[in-house]
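Worksheet: the structure to be examined is printed underneath.
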Amino acid sequence: MTDPLAAAFRELFGAAPEGVWAAPGRVNLIGEYTDFNDGFVLPLALPRTAVAAVSRRTDGLLRLHSADVPGGVVELRADELAPGGRKDWAGYPAGVVWALRDAGHPVTGLDLHLESTVPTGAGLSSSAALEVVTAVACNDLFELGLKPWQLARLCQRAENVFVGVPVGIMDQTAAACCTAGHALHLDTRDLAQRQVPLDLAAEGLRLLVVDTRVQHELGDGAYAQRREGCEEGARALGVHALRDVVPEHLDEALAHLHDPTVRRYVRHVVTENARVQQVIGLLDAGDTRSIGPVLTAGHASLRDDFEVSCAELDLVVEAANAAGALGARMTGGGFGGSAIVLVTEAEADAVAAAVTEAFAAAGLRAPRIFPAVPSAGARRLA
Ligand code: ADP
Ligand code: MG
């Protein structure tokens, strides 16, 4: 992909790029809707990446092009960038340049051409891949000396403030900091990280991503409502964030809460944080198989307590488990997007076929199924 990308860059901008960078999409193994509760997450990077050919400019101009979006080069002036100014795809890379400049870093202009194999809007975080690939390219080209976690913070700020989407810190950190053969344990309170070995092949296992190819539009309301519900729960319990409610005190905490919806949200967040710790314990013990039921329990919690699943995601989990998967869950924001399925290598094809058949029987478009091999985070390719 690198050479045709560089050739396309030359076609567009009249000279070879100074370098080529990649940043991956991700799936979250466990720890869903915990990141705005100061909780734990455990994402892994996918082999699918956004790849960008980039050169510096010194005249303040940003020239941005995506091979995946119709339309030509988008031209912007770096010193005119302002939050809310761009709602299209160019808002992501432009937002990163804005966030870097706003933090005092001298990014004086860019030519950027990108292409991505991360499906968009599938819950696999194509947006963070796009942001982080822009950030690592800027970091190298302008010799900013920022660490991957710092780049992730700036990318989150780009998405929150410039693009205007209230995402947590998981996606950008995964794209910037994941390493091959590992899942990334991230504490979203203090951003402490640990690479947790996830050697699926050694145990004869496979993790499948099932992209349902549906996305139900529930508006931003559903996300905001859950965020507010969690904040209300934390206030009622007198804690800074729901992360501070330990599983041992869950029953006591639930007895304090009067609103049944808030009670369910709290139960999801507290049990989900516990599931992250449980999965990490099993991975550290080299018992990856046993995480299967924990994944399925996480799905039930997202479906019944947090109410962010949908019929198609539930169908993936049911069909996969009925066909012999070790466990499965929705991953990402829900209401469509993708699920993950843990399966033995021997059963992988049969389980994938069973899910595809279940979709056909339900009159749904065939899902896209591919293995999630724990891959490297953002890096320079050339
Ligand atoms: P997700 O991050 O789950 O894939 P988002 O809605 O957060 O979904 O981000 C998708 C958006 O990111 C797209 O609508 C587009 O604006 C931008 N994007 C992602 N990949 C590309 C790409 N290859 N080229 C241009 N824009 C992209
Ligand atoms: Mg996104």
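The values are calculated or read from the model by the stated rules, or taken from the named source; none is laboratory data. Keep in mind that what you see is a predicted model, and the values were worked out from it rather than measured. Every residue, glycine as well, gets a Cβ built from its backbone with ideal geometry; the counts of neighbours run over all protein chains shown. Only protein heavy atoms, including side chains, enter the accessible area calculation; ligands, DNA and RNA are left aside. Shrake-Rupley method; radii C 1.70, N 1.55, O 1.52, S 1.80 Å.
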(message) What does the charge count around ARG10 come to, taking other residues whose C-beta lies under 14 Å from its C-beta (Lys +1, Arg +1, Asp -1, Glu -1)?
(response) -3
(message) Quick check: pseudo-label points 7 Å beyond the Cα along Cα→Cβ at HIS258 and SER290, how many nm apart are they?
(response) 4.3 nm
(request) Find the relative contact order for the chain and round it to a whole percent, using C-alpha pairs within less than 8 Å whose residues are 6+ positions apart. (result) 23 percent
(request) May I ask for the angle, rounded to the nearest 10°, between helix 126-141 and the longest principal axis of the chain, with both axes built from Cα atoms and the value confined to 0 to 90°? (result) 40 degrees
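Ignoring ligands, DNA and RNA, what percent of the accessible area of the stretch 302-382 is carbon or sulfur (1.4 Å)? Mind showing how you got there, number by number?
Working: 1610 of 3020 Å².
C and S fraction of accessible area: 53 percent.
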(request) Work out, step by step, the length gained on full extension between HIS105 and ALA224: first 0.36 nm times the residue separation, then minus their alpha carbon distance; give nm to one decimal. (result) 39.6 nm
(message) Using only the alpha-carbon atoms, how far is helix 311-322 inclined from the longest principal axis of the chain? Give it as 0 to 90 degrees, nearest 10.
(response) 60 degrees
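As an exercise, identify the GluC sites (Glu not before Pro) in the stretch 310-368 lying in DSSP coil whose Cβ has no more than 12 other Cβ atoms within 10 Å.
none
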(request) Check each of the trypsin sites (Lys or Arg not before Pro) in the stretch 9-88 and keep only those in coil by DSSP with at most 11 other C-beta atoms within 10 angstrom; list them in order. (result) LYS87
(message) At 222 nm, what value in deg cm²/dmol follows for the chain if DSSP H runs of at least 4 each add -39500 (n - 2.57) and the sum is divided by all its residues, to the nearest 500?
(response) -12000 deg cm²/dmol
(request) Give me the percent of the accessible area of the stretch 1-137 that comes from carbon and sulfur atoms, probe 1.4 Å, all protein chains in place. (result) 49 percent
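Stretch ALA361-ALA180 to full length: gain in nm at 0.36 nm per residue minus the Cα-Cα span?
So the chain would gain 61.5 nm between ALA361 and ALA180.
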(request) Would you calculate the separation in nanometres between label points at GLN195 and GLU80, each defined as 7 Å from the Cα along the Cα-to-beta-carbon direction? (result) 4.4 nm
(request) Would you mind checking the tilt of helix 148-157 against the longest principal axis of the Cα atoms of the chain, expressed as 0 to 90 degrees and rounded to 10? (result) 90 degrees
(message) Give me the 1.4 Å probe accessible area per residue for the chain, excluding ligands and nucleic acids, in Å².
(response) 39 Å²
(message) Just to verify a number: what accessible area does ASP35 come out at with the full protein assembly present, 1.4 Å probe, Å² rounded to tens?
(response) 30 Å²
